[in-house]
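Participant: Here it is, the structure in full.
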Amino acid sequence: MSKLDVAAIKADFPIFKRTVRNDHRLVYLDSGATSQKPFQVLDAERNFYETHNAAVHRGAHLLAEEATDAFEHARANIASFIGAQADDLVFTKNATEAINLVSYSFLNATLKSQRGAPLPKGAERFVLAEGDEILVSEMEHHANLVPWQELCEKTGATLRWIGLTEDGRLDLSDTSLFNNRTKIVAVTHQSNLLGTVNDVPAIVKLAETVGALVFLDACQSVPHMPVDVVALGVDFIAWSGHKMLGPLGIGCLWGKSEVLSAMPPFISGGSMIESVSMERTTFAAPPKRFEAGVPMAAQAVGMSAAADYLRALGMDNVAEHEHMLTEAALAGLADIPGLRVIGPENSVDRGSAVSFVLEGLHPHDVGQVMDESGIAVRVGQHCAKPACIRYGVQATTRATFYIYNDLEDVDALVAGIYSAKKFFGV
Amino acid sequence: MSKLDVAAIKADFPIFKRTVRNDHRLVYLDSGATSQKPFQVLDAERNFYETHNAAVHRGAHLLAEEATDAFEHARANIASFIGAQADDLVFTKNATEAINLVSYSFLNATLKSQRGAPLPKGAERFVLAEGDEILVSEMEHHANLVPWQELCEKTGATLRWIGLTEDGRLDLSDTSLFNNRTKIVAVTHQSNLLGTVNDVPAIVKLAETVGALVFLDACQSVPHMPVDVVALGVDFIAWSGHKMLGPLGIGCLWGKSEVLSAMPPFISGGSMIESVSMERTTFAAPPKRFEAGVPMAAQAVGMSAAADYLRALGMDNVAEHEHMLTEAALAGLADIPGLRVIGPENSVDRGSAVSFVLEGLHPHDVGQVMDESGIAVRVGQHCAKPACIRYGVQATTRATFYIYNDLEDVDALVAGIYSAKKFFGV
Amino acid sequence: MKLENMYQEIILDHYKRPHGKGLAEQFDAEVHHVNPTCGDEITLRVSRGADGKIVVSYDNMGCSISQASASIMFDQINNLDFESGEAAVEHLIAMLQRTVEADEDILGDGIALAGVAQYPARVKCALLAWMAWKDAAIQAGADNNESKIFTESNKEQN
Amino acid sequence: MKLENMYQEIILDHYKRPHGKGLAEQFDAEVHHVNPTCGDEITLRVSRGADGKIVVSYDNMGCSISQASASIMFDQINNLDFESGEAAVEHLIAMLQRTVEADEDILGDGIALAGVAQYPARVKCALLAWMAWKDAAIQAGADNNESKIFTESNKEQN
Ligand SMILES: Cc1ncc(COP(=O)(O)O)c(C=O)c1O
Ligand SMILES: Cc1ncc(COP(=O)(O)O)c(C=O)c1O
């Protein structure tokens, strides 16, 4: 049983006041792409603009002080949401930038080291030699794949990947993938396509034996389950605000402090420097070193309010609620003739992203029929084309659940699939 | 005479409803750092979240369609604000990212070309050889200096710079700075420290003779004067939303379409790809190629509303209004004993950023006394340390004016300076 | 129900029994276009006859709209010269942007695609095959005046 | 007026007539700290006597608060051992975070810096010299137990 009061929660989200096509109620099953926002988040952001707006860390007047204070308070609060210290949390525009920040740290450290340019203490961990390896998996979102491909293409490092088992899990049987050339292992915590929750302790253990860094793509975990970076034992995590009830335009990179300190800057400009002359610039300590330019302070304040909202619900309760919906959805889908779930078919170590294909029906067409009755699912490759190829599908239809969904929404999903089949006569 | 009705404008900005220290009215003279936001902008952003929120370019359901439509409409509207086409406008998190996008295009094209990796047609313009030159100026904001220093440090290119005359202008007398090794000339349209408006046609002409690209930092021009990219004849401009009444967390890079098409990607991930496999990825055309991850759609909508707001006032009127305030401020400051303006002392080819130092008084202390009576000025190096060094000052106090300022604010500034002198007995 | 405007019988017929699907062995140019969000793909080949007529063949995967539209494309512009084919593509685009009334003489069964205009996310599906044809025809040198109008956003760039 | 709480007479006196300003020729460690937003700078040198006492000298540029605070720092911790000096630094930090009552025995004229706590943007100014001292002392090997507490955000990293 779920401890969430979905009716009360829904009342906090203005978007559910509108109706969609043909005056249907909105059945929003696309939180895996982006979540809806409660008024508490929107109010926090607006309040920042209406009463404290100023450029943070750039002035000494009252508004600048208040804005800086609000921004840094948000940082501390979001850090505490994942069990971290404020100084180890970097704000980015989205998770994608956060991943690129890490991949470019390797590029920049490598190039600077080749030219004997100054590097922070400990930067050797980020210096790549020809033939060094970057290890990802076949279930990665493009955001956690393409930056590493690009890094390899520019440095001569080799990209390797962990394959997938038939039932949608990482195939960790080939432990030679973890070897002494492996510099970093970058994998997702929870697959946005398959729903699989990966065995992080196992990966950390394998990486530790070869001294590789571990980067965890937490886009689909931080919004949906309790995450404690210390307990996870990884070196980095990244996620976006917009998938956890927060504003668009903000993401986070968390890193162990000694690892962040060892990284040269990525995006450079104002506020990330210590001292600048035409000839030479020295850089601030993290997190500032990685936050060039006027930052998204209002969005940080909004994201912090989102963390408060989720904390008040209890992340255990959120996970339990989604688990309940996932079990119901998997059960409902199992009965549908011609339907194949792409990803684990049971609810063990599994989040609420449920992807499927229907024989004789293209996902785009399925999604269209559902949309016509107000059900918003996502169709396509979900930025995870390699995993689609792995499972021999061109695209899937995907439903994802969140705190404002209930069993009625699951029923709507199942009914929607039957309508689509009927509409197309398959 | 100004054509702006400042009282009516002020009524649109919620922040002026509050008071600051000691219940003083807010005299906001720090728009050069960030501008305040009218309710029209805040409403537009909130309306997006409350009624259309979805991940853009990633779904086929109704909300996704509406969100995509709102986002792309915003792009077209903002592009038209600078006389450009929608497809040539890239959204970034701020101007700083936009500048880095260009500097990293050089880095990435150079590295990919060295390794024979695929590059877009025309990318040779971005390939650097040892000894190639990047030309900036001594008045650049750190955002338009440090990325180029970093690029040089990583590629072996040489950074050169245009010096400054005593009265705060670019010294274009040494034309040998423009030579056939010059790959790009990156200069500011209007200095955020000095207020100087640079002679763009002269720079474009010099650059053209040697075939160099021209990048214009338009952070302090687009918000304050009519800007038409076609008339300017440059290859790129960049600016931020937050300085033109728009939200934090969004900036723009505009580039000529054949130049943008020639650039390899910078930040990579979802939505910027054409096709992905584990082995190889191909990329979308601009602007998408440069917008990896879920973008800041709500902020784009807010920034578009800001463009509408300014367009309704008329950018000519905005410029004229600021000019009037600048003349009054320069006149008032000229009478203050021991005060030295850093930057042009007259109002010819000059924007509304007015920096000054006072004999025997540190800017931090000046700013503090002003703040105590509600006047928000910025103190420090304004992310332009090299220009501070050039003029032999450690820091300055800076007032910047915008549409919600009037002559009373100028009087408050002048009176504030006198109070500071009195307080410290100098 | 609006949905039936898009999924007209005639569209579903083309989808289920596509015309001209299958690649020719001989060709002057081949293109591969994809819709990156949904994964729809088409490989399309053209050869130019001495008379300037362009023969098209294709193979594709995708949703009902993209497949039906490819089938209709084959019916309408196979064996036409570049100008006539391009005119049909432009007419289809205009119809989907609702700036013209659909002309059955030009689009044939394609007029049934008019319902797609209500669903902006699907417009790309309807255009995929036609844009691929245009790209291939240009690559085969069919556009004597080297049309500069053409910029296909999904075209491979790298 | 709150402003006078920060700019007390005693602060302005130190600002106008700073104590101990000027760099010693001999030293075991030198640091250069800056406040990047406002440009305040300090160069600070320490040498360690055989008795463990640390002799400090400095040169600086900056606002009244940062200069007065450097002068007070000189009065209070020049010629102290590391532990006593560090305790003073910690006490100053705590006072500026308003977590302790200021103790004149430890901070001397530094208690007059308490008014700075009202202006968070100025706290850095008040701390600049003291943090530089701590950094220099550690670099000179004065902290036998290699204190891990110390992380100075303005320290040069590259
Ligand atoms: C001239 C100039 N260039 C660049 C920037 C950087 O803009 P942002 O911090 O919004 O990226 C600014 C403002 O901070 C500026 O005034
Ligand atoms: C697993 C995963 N990784 C990375 C991303 C990228 O996040 P964003 O687009 O917010 O940068 C997403 C979502 O799009 C995701 O689901």
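We did not get these values from a lab; they are worked out from the coordinates using the rules stated. This is a predicted model, so every value here is computed, not measured. Heads up, the Cβs are rebuilt from the backbone with ideal geometry, glycines too, and the neighbour counts pull from every protein chain shown.
Participant: If you take every residue apart from B:Val200 with its C-beta less than 14 Å away from the C-beta of B:Val200, what net charge results, scoring Lys and Arg +1 and Asp and Glu -1?
Facilitator: Working: positive: B:Arg169, B:Lys205; negative: B:Asp199, B:Glu208, B:Asp217, B:Asp228, B:Asp235, B:Asp349.
Counting the neighbours of B:Val200, the net charge comes to -4.
Participant: Taking 7 Å along the Cα-to-C-beta vector as the label spot, tell me the C:Gln26-B:Ser257 distance in nanometres, rounded to one decimal.
Facilitator: 3.7 nm
Participant: Taking only the alpha-carbon positions of segment A:208-253 and ignoring solvent, what does the Debye formula give for the base-10 log of I(q)/I(0) at q = 0.17 Å⁻¹?
Facilitator: -0.51
Participant: Among A:His382, A:His142, which comes first, then next, by fewest other beta-carbon atoms within 10 Å? Present the calculation step by step, with values, prior to reporting the outcome.
Facilitator: Numbers: A:His382 31, A:His142 26.
Listed from fewest to most nearby Cβ atoms, that is A:His142, A:His382.
Participant: For segment D:22-58, state which GluC sites (Glu not before Pro) are in a DSSP loop and have at most 13 other beta carbons lying within 10 Å of their beta carbon.
Facilitator: Loop-located and lightly packed - D:Glu25.
Participant: Can you give the FRET efficiency for C:Gln97 and B:Asn180, using 1/(1 + (r/R0)^6), R0 = 56 Å, r = Cβ-Cβ distance, to the nearest 0.05?
Facilitator: Details: r = 46 Å, r/R0 = 0.83.
Plugging the Cβ-Cβ distance into 1/(1 + (r/R0)^6) gives 0.75.
Participant: Mind checking which lysines have their Cα closer than 19 Å to the Cα of A:Lys17? Skip sequence neighbours fewer than 8 apart in that chain.
Facilitator: A:Lys37
Participant: Within segment C:110-131, which residues have the backbone N less than 20 Å from the label spot 7 Å out from C:Ala87 along Cα→beta-carbon, could you tell me?
Facilitator: Only C:110-112, C:130-131 pass the distance filter.
Participant: Among the lysines, select those whose C-alpha is under 17 Å from the C-alpha of A:Lys154, and discard any that sit fewer than 8 residues away in the same chain.
Facilitator: Filter leaves A:Lys112, A:Lys183, B:Lys112, B:Lys154.
Participant: Continuing with this model, one more query. Binning at 5 Å from 0, report for segment A:361-409 what percent of all alpha-carbon pair distances ends up in each bin.
Facilitator: 5, 20, 24, 21, 16, 11, 3
Participant: Next question. Using 7 Å Cα-to-Cβ label points, what is the B:Glu130/B:Glu408 separation (nm, one decimal)?
Facilitator: 6.5 nm
Participant: Would you calculate the convex hull of the Cα atoms in chain A and tell me its volume per residue in Å³?
Facilitator: Details: hull volume 59.0 nm³, N = 426.
With only Cα atoms used, chain A gives 139 Å³ per residue.
Participant: Within a Cβ distance under 12 Å of A:Ala305, other residues only, what is the Lys/Arg minus Asp/Glu net charge?
Facilitator: Numbers: positive: A:Lys37, A:Arg46, A:Arg311; negative: A:Asp12, A:Asp43, A:Glu45, A:Asp308.
Here the count lands on -1.
Participant: Using Cα positions and a limit of under 22 Å, work out the lysines in reach of D:Lys124, with same-chain residues fewer than 8 apart set aside.
Facilitator: Correct list for D:Lys124: A:Lys288, B:Lys385, D:Lys2, D:Lys16, D:Lys21, D:Lys134, D:Lys148, D:Lys155.
Participant: Regarding segment B:219-350, what's the average projected area of the Cα-atom convex hull, expressed in nm²?
Facilitator: Numbers: hull surface 44.3 nm².
For segment B:219-350, the mean projected area of the Cα convex hull comes to 11.1 nm².
Participant: Counting pairs of Cα atoms in segment C:1-46, how many percent are more than 18 Å apart?
Facilitator: Working: 551 of 1035 pairs.
Tail of P(r) above 18 Å: 53 percent of Cα pairs.
Participant: By what distance, in whole Å, do the Cα atoms of segment A:141-239 stretch along each of the three principal axes, largest value first?
Facilitator: Extents along the principal axes, in whole Å: 37, 28, 27.
Participant: I need the fraction of alpha carbon pairs in segment D:3-145 separated by more than 26 Å, rounded to a whole percent. Walk me through the numbers before you get to the answer.
Facilitator: Values: 1659 of 10153 pairs.
Tail of P(r) above 26 Å: 16 percent of Cα pairs.
Participant: Could you give me D for segment B:79-126, from Stokes-Einstein at 20 °C and 1.002 mPa s, where the hydrodynamic radius is the Kirkwood radius over C-alpha pairs? Units µm² s⁻¹, please. Write out the running numbers ahead of the final one.
Facilitator: On the way: Rh = 12.4 Å.
Diffusion coefficient, whole number: 173 µm²/s.
Participant: Would you mind computing, in nm to one decimal, how far apart the modelled labels at B:Ser419 and A:Thr51 are, each placed 7 Å from Cα along Cα→Cβ?
Facilitator: 2.4 nm
Participant: Which GluC sites (Glu not before Pro) does segment A:126-229 hold that lie in a coil by DSSP with at most 13 other beta carbons within 10 Å?
Facilitator: Details: sites: A:Glu130, A:Glu133, A:Glu138, A:Glu140, A:Glu150, A:Glu153, A:Glu166, A:Glu208; in loops: A:Glu130, A:Glu138, A:Glu140, A:Glu166.
Those that pass, being in a loop and sparsely packed, are A:Glu130, A:Glu166.
Participant: Still on this structure, please answer the following. Expressed in whole Å with the largest first, what are the equivalent ellipsoid semi-axes of the protein assembly as shown derived from the C-alpha gyration tensor as the square root of 5 times each eigenvalue?
Facilitator: Working: eigenvalues 553, 227, 168 Å².
Largest first, the protein assembly as shown gives 53, 34, 29 Å.
Participant: Taking every pair of Cα atoms in segment B:3-45, average 1/r, invert it to obtain the Kirkwood radius, and report Rg/Rh to two decimals.
Facilitator: Values: Rg = 11.4 Å, Rh = 11.6 Å.
Rg/Rh for segment B:3-45 comes to 0.99.
Participant: Binning at 10 angstrom from zero up to the longest distance, how are the C-alpha pair distances of segment B:38-96 distributed in percent?
Facilitator: Pair shares across the bins are 21, 44, 33, 2.
Participant: In 5 Å bins starting at 0, how do the alpha-carbon pair distances of segment D:56-119 split up by percent?
Facilitator: 4, 18, 29, 26, 17, 6, 0
Participant: What are the radius of gyration and Dmax of segment A:278-396, computed over its Cα atoms and given in Å?
Facilitator: Both quantities, over Cα of segment A:278-396: 21.1, 69 Å.
Participant: Relative contact order (percent) for chain B, with alpha-carbon contacts under 8 angstrom and 6 or more residues of separation? List each step's numbers first, then the result.
Facilitator: Numbers: 870 pairs, mean separation 98.8, N = 426.
Reported relative contact order: 23 percent.
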